[in-house]
Amino acid sequence: MRRGVALRGRLFGKPAVLTYHCDLFLPAGFFNRIVNTVVDFQNNMAGILSNHIVTYTRDYADNSPYLSRYASKLTPILPPVELPDPLPGAIQAFR
């Protein structure tokens, strides 16, 4: 799916941005080896065809076997996480 979107973007001269969430490492087994091979191929084609790749953190990108190959296309963007202010006494109770 990702590969198809990136390919159409290239064909129609439109930029394609890939948001990469995580590397896939399935347990040992014949079927899982096939799935890993297919997913790796599709991810690599999407990476090659995409104009830009977004990931959550630079640290993750530097340590990801996949993302480290596309360092020149990466922009880390933290997900929008909002935390409520702690209740009075909650910090002391946590300590």
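The values are calculated or read from the model by the stated rules, or taken from the named source; none is laboratory data. Predicted model only: the values in this text are computed from it and were never measured. Neighbour counts are summed over all protein chains in view; Cβ atoms, including those assigned to glycine, are modelled from backbone coordinates with ideal geometry. The area values use the complete protein model at the heavy-atom level, side chains included, leaving out ligands, DNA and RNA. Shrake-Rupley method; radii C 1.70, N 1.55, O 1.52, S 1.80 Å.
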Rounded tilt (10° steps) of 2-11 against the dominant C-alpha axis of the chain: 60
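Report the relative contact order of the chain, percent, no decimals, based on alpha-carbon pairs under 8 angstrom and at least 6 residues apart.
Values: 92 pairs, mean separation 26.1, N = 95.
Relative contact order comes out at 27 percent.
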For the chain, what is Rg from Cα atoms divided by 2.2 N^0.38 Å, rounded to two decimals? 1.48
Can you give me the % of accessible surface on the chain that is carbon or sulfur? Probe 1.4 Å, all protein chains present, nothing else counted. 65
To the nearest 10 degrees, how steeply does helix 30-49 sit against the main Cα axis of the chain, on a 0 to 90 scale? 90
Farthest towards the positive end of the dipole of the chain, among T37, S64, L26 and with Cβ unit charges of +1 on Lys and Arg and -1 on Asp and Glu, lies the Cα of T37
